[in-house]
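Have a look at the structure below before the remarks.
The values are calculated or read from the model by the stated rules, or taken from the named source; none is laboratory data. Since the model is a prediction, treat every value here as computed from it, not as a measurement. Here the Cβ positions follow ideal geometry from the backbone for every residue, glycine too, while neighbour counts run over all protein chains shown. We work out accessible area using only protein heavy atoms, side chains counted, and drop any ligands, DNA or RNA first. Shrake-Rupley method; radii C 1.70, N 1.55, O 1.52, S 1.80 Å.
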Amino acid sequence: MSDLYIHCTAKLAKVMKVKLQPAPEVEKVVPLNCWYANVLKIGLPLDIVLYTHATTLYSLVHPFDRRDAADYTMDVFTQRLNEILGRSIATGYDYKFCKTASRKVLGCMNELAFELEIRARDMWESGEGVELEKLEGCLNKGLIAGVRPADEFEQLVQGSEQKVPYLRIVK
């Protein structure tokens, strides 16, 4: 079983009622298994959780109900990751909630949160409804910290194919 490290902000850890462990040494973590997470209010009726991959800055977004258990929130994250990768990883990971360790990733997440808020407000006010997958696509195709997260994440996944031949991004 492989460990999936979720670096939670203190705000999200408090809401999900999880205890944070110290961040692991970077060398010991498989690059695909390290994500940052934060809960955001972006002007919608529900809060959302923003998951950002630690090295590629690829982001996943989903609604968040503060009454949900941490296990349920992680199940939703796993389902979204399954959709992106085109394979089932639901039983292959043990989740480790740990402290945030990179100011760069947190700064990029703040930028992503600002962009999410503006795009969601524009969608909401236009009357078309807010589609989180569309917002997610905008985040990943844009430039964040000088890179396009979708391209970086795809390169990471393709680079992993030598070890796991069925791993790919589903389009």
If a residue must be within 17 Å of Lys17 (Cβ to Cβ) and within 13 Å of the chain's Cα centre (by Cα), how many such residues does the range 47-63 contain? 1
For the range 130-151, give me the residue count where each residue is more than 22 Å from Gly107 (Cβ to Cβ) and open to solvent by 70 Å² or more (accessible area, probe 1.4 Å). 3
Filter result (open to solvent by 10 Å² or more (accessible area, probe 1.4 Å) and of a type in the set (Gly, Ala, Ser)) within the range 51-75: Ala54, Ala69, Ala70
How about the range 7-50: which of its residues are closer than 15 Å to Asp68 by Cβ, open to solvent by less than 20 Å² (accessible area, probe 1.4 Å) and in contact (Cβ under 8 Å) with a residue 24 or more places away in the chain? Cys8, Leu12, Ala13, Met16, Ala37, Val39, Ile48, Val49
